[in-house]
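Below is one structure; the comments refer to it alone.
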Amino acid sequence: MKSGSTGFENSLEYAKRMDENDPLKAFRNRFIFPKVNGKEATYFCGNSLGLQPKSTQSYIERELGNWGEMAVDGHFHGEDAWYHVRKKSKPALAKIVGAQEHEVVAMNNLSSNLHFLMVSFYQPTDKRHKIITEAGAFPSDMYMLETQVKFRGLDPNETIIELSPREGEHTLRTSDILDTIRKHGDDLALVMMSGIQYYTGQLFDMASITKTAHEVGALAGFDLAHAAGNADLSLHDWEVDFATWCSYKYLNSGPGNISGIFVHEKHAERPDLIRFAGWWGHDEEERFKMEKGFKPMYGADGWQLANPNVLALAAHQASLDLFEEAGMERLRSKSEILTQYLEFWIEEVSGNSGIIEIITPKSTKERGCQLSLLIHKGGKAVFDELYQKGIVGDWRHPNVIRIAPTPFYNSFLDIYKFAEILKLSLEKFAYS
Ligand SMILES: *Cc1c(COP(=O)(O)O)cnc(C)c1O
């Protein structure tokens with residue numbers, strides 16, 4: 001039976017047929033699935049921690065082998081010479097975020113990188129000092145902005161402008177964001193917000209936001225924790241000034257693993273830009289002269305501080321090689337359909353009950369793979385029941401369940417199973 005305008009059908013056969021015809025179906029078997037209550041889970045939490053590729057172990061073992069066999073010589077010898085290890089991840093990262101290779105580098109952790117980038121790209125003056133961000137940003141981002149502003153001797157309450165949805169709405173309207181940028185134009189130093197909002201799943205129009213910020217003389221930077229490896233990004237063409245992300249969500253690189261940064265080419269050769277430097281950002285040719293006077297490397301590399309964790313990078317690379325194999329374009333195109341299918345099933349199951357409200361925007365241009373479900377009744381009990389039945393999503397206080405089907409390892413059948421269990425859980429806890 002066909003239903004709605006999407007052409008999806010609400011049958012098990014249909015889900016199986018969609019999986020059969022999925023050009024990326026073989027990738028599912030390249031990941032390790034966790035267990036819940038002794039059974040393989042149906043995993044929708046790639047927005048929080050991506051699954052482990054089966055290849056990760058051998059990538060790490062290879063570096064352990066290099067370390068064991070060569071010890072200090074491993075820095076300069078062999079095909080994996082650690083001195084140049086930063087170069088390995090660049091081709092894949094550049095494709096994932098839509099950048100030139102010299103505009104990206106893997107380094108540090110996300111929260112640390114937010115700070116280091118702010119040191120360079122938030123340069124408040126008496127006249128221009130304000131920052132626009134979204135209200136309800138991820139805590140690390142809020143703390144980062146608050147303390148960066150204090151670090152500059154300014155008052156966060158007067159300096160940080162938070163964008164909130166209109167009364168009765170859950171997400172921001174692009175026109176409201178752009179109007180706010182224009183309104184504060186003369187005082188505005190920076191727009192710094194997420195690419196995809198972690199709570200609502202809203203994908204912001206980074207191209208228009210950046211363009212408008214530039215028109216008023218401000219810069220634009222984005223936290224891409226939920227966007228990297230999820231949405232189509234063209235940071236270079238959009239002329240975004242800077243961005244950073246983590247690698248353990250959609251980039252499947254392991255808990256707490258290395259972050260990455262983007263610095264636009266136009267800032268590539270600006271030794272005048274203030275930065276907190278370390279030896280790994282210093283001119284590679286002269287690094288071992290151990291002399292005074294910091295001379296930054298060209299591009300994003302000039303923001304590196306420390307020599308990177310090679311074991312962490314090995315895990316990162318295992319996943320990035322899968323991205324190279326699958327290609328962002330194919331991943332995104334499956335992802336859009338998978339999320340629409342999830343939306344179709346949620347509407348099928350909750351019907352007109354009004355109990356589930358999807359707060360993520362309906363348009364695929366305004367969202368990644370995640371749907372955020374506001375549960376108006378029995379939310380936590382429904383969530384706990386889903387978990388007990390093997391569905392791993394996540395719960396966000398006070399009443400949101402986030403479900404993120406990823407194109408790498410989720411199937412149409414996963415969503416069918418989710419819908420069946422959701423239906424039973426609602427009957428048990430929400431309709432009663
Ligand atoms: C996941 C996430 C973080 C986490 O920061 P870490 O430094 O990696 O611990 C920060 N900001 C946003 C928006 C996130 O989604």
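The values are calculated or read from the model by the stated rules, or taken from the named source; none is laboratory data. What you see is a predicted model; the values in this text were computed from it and never measured. Cβ atoms come from the backbone with ideal geometry, glycine included; neighbour counts cover every protein chain shown.
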Practice problem: Determine if the stretch 252-263 includes at least one residue that is buried (at least 23 other Cβ atoms within 10 Å of the Cβ), in a strand (DSSP E or B), touching a Pro at 6+ places or on another chain (Cβ under 7 Å) and polar (S, T, N, Q). | Solution: no
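Which of the residues spanning the stretch 304-355 are within 30 Å of Phe294 (Cβ to Cβ) and hydrophobic (A, V, I, L, M, F, W, C)?
The initial filter retains those residues of the stretch 304-355 that are within 30 Å of Phe294 (Cβ to Cβ), namely 304-314, 316-317, 320.
Of everything in the stretch 304-355, those that are within 30 Å of Phe294 (Cβ to Cβ) and hydrophobic (A, V, I, L, M, F, W, C) turn out to be Leu305, Ala306, Val310, Leu311, Ala312, Leu313, Ala314, Leu320.
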Quiz item: Does any residue in the stretch 162-175 that is under 24 Å from Leu188 (Cβ atoms) come within less than 8 Å, Cβ to Cβ, of a residue that is among the aromatic types (Phe, Trp, Tyr) and assigned to a loop (DSSP other than H, G, I, E, B) six or more places away or on a different chain, and which pairs are these?
Solution: Leu172/Phe204; Thr174/Phe204
Quiz prompt | Residues located in the stretch 203-242, provided they are within 13 Å of the ligand (Cβ to nearest atom) and either assigned to a loop (DSSP other than H, G, I, E, B) or at positive phi (or both) | solution = Phe204, Leu224, Ala225, His226, Ala227, Ala228, Gly229, Asn230
Quiz prompt | The one condition in (1) buried (at least 16 other Cβ atoms within 10 Å of the Cβ); (2) more than 21 Å from the chain's Cα centre (by Cα); (3) under 20 Å from Asp223 (Cβ atoms) that Thr147 fails to fulfil | solution = (1)
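Check His77, His84 and return the single one that is more than 16 Å from the ligand (Cβ to nearest atom), outside any loop (DSSP other than H, G, I, E, B) and free of Cβ contacts under 8 Å to residues at least 40 places away in the same chain. Give the steps one after another, and end with the answer.
Values: His77 fails: outside any loop (DSSP other than H, G, I, E, B).
Exactly one of His77, His84 is more than 16 Å from the ligand (Cβ to nearest atom), outside any loop (DSSP other than H, G, I, E, B) and free of Cβ contacts under 8 Å to residues at least 40 places away in the same chain, namely His84.
For (1) at pLDDT below 95; (2) in contact with a Ser or Thr (Cβ under 8 Å, 6 or more places away or on another chain); (3) closer than 28 Å to Asp179 by Cβ, each residue gets a yes or a no:
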| position | (1), (2), (3) |
| --- | --- |
| Ile60 | no, no, no |
| Gly68 | no, no, no |
| Val97 | no, no, yes |
| Met107 | no, yes, no |
| Arg128 | no, no, yes |
| Asp141 | no, yes, yes |
Quiz item: Are there any pairs with C-beta distances below 8 angstrom linking a residue in the stretch 97-125 that is without any contact (Cβ under 8 Å) to a residue 60 or more places away in the chain to a residue that is among the basic types (Lys, Arg), with the two at least 6 apart or on different chains, and if so which?
Solution: Glu101/Lys90
